[in-house]
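Engineer: This is the structure I have questions about; it appears just below.
The values are calculated or read from the model by the stated rules, or taken from the named source; none is laboratory data. Values in this document were obtained by computation on a predicted structure and should not be read as measured data. Don't worry about glycine lacking a Cβ; one is built from the backbone with ideal geometry, like all the others, and counts go over all protein chains shown.
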Amino acid sequence: MKTPLSITWRLSFLLGGSTLLLWLGAAAIAIVVLKAELTETFDEALYQSALRLLPLAVHDLHELEEDEAPDEYRIPGLEGGDGANFGYLIRDRRGRTRLAAGDLPPESAFPSPVPRGFFEIDGQRALSLPDERKGFSIILVETGDHRQDVLLRAAGALLLPLAALLPLIGFGIWATVRIAMRPVGRLRRQIAERGEKNLADIPGGDHPKELAPIAEEIASLLARLRAALDAERAFSAMSAHELRTPIAGALAQVQQLREELGDLPQDARAQSVEDALKKLAALSEKLLQLARLEAGFARAGTRTDMMPVLKLLLREAGDCALDLKPSADLTLEINPDAFSILVTNLLQNARGHGGPDPAITVTAGPDKRLSIANSGPVVARETLHGLGRKFVRGETSARGTGLGLALVTTIAEQTGGTVELKSPRSGHTDGFEAIVSWTSA
């Protein structure tokens with residue numbers, strides 16, 4: 001799937017493209033205006049040249065004796081265009097060319113009659129100016145590309161800086177947009193930090209007015225979500241707590257009933273009821289623990305050494321071997337009750353799914369690492385990936401609620417740890433191992 005462009009890049013592209021188009025438009029307008037000004041300036045220069053050349057040329061013609069003057073006199077040194085920017089010719093009253101200078105177009109290219117003022121000959125600018133008093137006229141024709149060269153140089157002077165500055169302009173636009181988009185990025189990060197474990201309010205007051213309504217709506221949504229989750233957790237905790245006493249009472253009554261029944265056939269049904277009540281009691285206990293954990297009580301504000309707690313729990317269990325590594329360090333930011341729930345659930349899981357006589361080994365270390373393994377059957381890899389979620393159990397006939405490993409995972413996540421499940425256990429071909437590791441920071 002193609003990754004969409006960020007708002008920063010979209011704004012940068014749009015602003016950069018708009019700037020480029022505006023600059024090109026402004027340059028085009030400037031070139032049109034400059035062309036008009038150059039045309040006016042060069043036309044004025046052509047007109048002034050005609051005013052000065054016409055009397056001089058007429059004077060030269062009068063100095064020639066009329067019987068010696070040829071029909072057309074070409075000024076020596078100007079034939080072939082020696083770099084002059086224009087050429088000219090002088091005509092008499094009858095339209096005959098009496099004097100010519102410069103590299104001019106052929107006579108056939110001139111219109112007949114020649115219009116008075118400015119006109120074009122083969123794409124070249126020309127000027128016709130008559131002297132009514134003396135009967136002569138002059139036609140000046142620009143023979144060079146000076147006018148076009150000046151216009152091209154002026155256009156280059158406008159466009160070349162754009163080509164040189166365009167990368168800097170693009171970078172400046174990108175940097176400006178990136179700075180302007182910082183409030184959006186900050187709000188995005190604040191929203192991304194919210195989740196199941198963090199429903200705190202989004203800090204407000206410094207958001208731009210475009211983002212303030214979004215932040216307020218998200219804050220309102222988080223408040224409603226917190227209220228719903230708090231109500232759900234309170235209900236779960238209250239329900240689990242309130243169920244403990246009647247379940248315990250019913251269990252005691254059933255056990256008393258079994259004593260009274262003795263070996264009667266009805267004892268089997270009473271035992272089924274007792275088993276169901278025991279399962280219900282275990283489930284209510286797990287739900288009460290889960291409700292406490294979802295309230296976030298696992299993480300403590302100070303570090304505490306959990307090694308004495310671990311040794312006490314193992315001493316009470318009595319069926320576990322402790323392997324204490326030299327570098328073991330269980331000084332953690334964890335509530336001792338939460339640590340007890342974690343260890344107890346792992347021991348119950350190892351004891352319940354390890355077969356009739358499981359060999360349970362508890363390893364502390366190296367560093368902040370706790371491992372509990374049993375010698376039970378190997379768990380399939382596809383089943384292993386699903387364990388750790390609520391109410392998910394493997395293929396086993398042992399009693400359980402499907403919440404033990406979910407509680408362990410929740411406690412580890414709240415205290416900065418991770419849970420790794422392995423089967424077979426490390427160094428063996430059988431068994432199951434749960435490894436809880438905390439970072440050293």
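Engineer: Taking the stretch 387-420 only, how many residues are surrounded by fewer than 19 Cβ atoms within 10 Å (Cβ to Cβ), within 21 Å of Thr361 (Cβ to Cβ) and modelled with pLDDT of 80 or more?
Structural biologist: 2
Engineer: If you don't mind, another one. With respect to Ile202, determine if the residue is hydrophobic (A, V, I, L, M, F, W, C), at pLDDT below 80 and not in a helix (DSSP H, G or I).
Structural biologist: Here the answer is yes, as Ile202 does meet what is asked.
Engineer: Hey, another quick one. Determine whether Leu159 is modelled with pLDDT under 80, outside any loop (DSSP other than H, G, I, E, B) and aliphatic (A, V, I, L, M).
Structural biologist: In short, yes.
Engineer: A further question on this structure: So for the stretch 93-100 (the condition being basic (Lys, Arg), in the same structural domain as Leu46 (by TED's automatic domain parsing) and either within 15 Å of Phe42 (Cα to Cα) or in contact with a strand residue (DSSP E or B) (Cβ under 7 Å, 6 or more places away or on another chain) (or both)), does at least one residue qualify?
Structural biologist: For the stretch 93-100, residues basic (Lys, Arg), in the same structural domain as Leu46 (by TED's automatic domain parsing) and either within 15 Å of Phe42 (Cα to Cα) or in contact with a strand residue (DSSP E or B) (Cβ under 7 Å, 6 or more places away or on another chain) (or both): present.
Engineer: Here is a follow-up. Hey, any hits in the stretch 165-173 for a residue that's surrounded by 13 or more Cβ atoms within 10 Å (Cβ to Cβ), of a type in the set (Gly, Ala, Ser), modelled with pLDDT of 80 or more and on the phi < 0 side of the Ramachandran plot?
Structural biologist: Checked the stretch 165-173: at least one residue is surrounded by 13 or more Cβ atoms within 10 Å (Cβ to Cβ), of a type in the set (Gly, Ala, Ser), modelled with pLDDT of 80 or more and on the phi < 0 side of the Ramachandran plot.
Engineer: Phe119 - would you say it is at pLDDT below 85 and among the aromatic types (Phe, Trp, Tyr)?
Structural biologist: It is false that Phe119 is at pLDDT below 85 and among the aromatic types (Phe, Trp, Tyr).
Engineer: Further question: Just the residues that are part of a helix (DSSP H, G or I), surrounded by 12 or more Cβ atoms within 10 Å (Cβ to Cβ) and without any contact (Cβ under 8 Å) to a residue 40 or more places away in the chain, please, taken from the stretch 293-312.
Structural biologist: Across the stretch 293-312, the qualifying residues are Val309, Lys311, Leu312.
Engineer: Just checking, how many residues over the stretch 116-158 are hydrophobic (A, V, I, L, M, F, W, C) and surrounded by fewer than 14 Cβ atoms within 10 Å (Cβ to Cβ)?
Structural biologist: Count: 2.
Engineer: Determine whether the stretch 194-205 contains at least one residue that is of a type in the set (A, V, I, L, M), more than 20 Å from Ala50 (Cβ to Cβ) and surrounded by 12 or more Cβ atoms within 10 Å (Cβ to Cβ).
Structural biologist: yes
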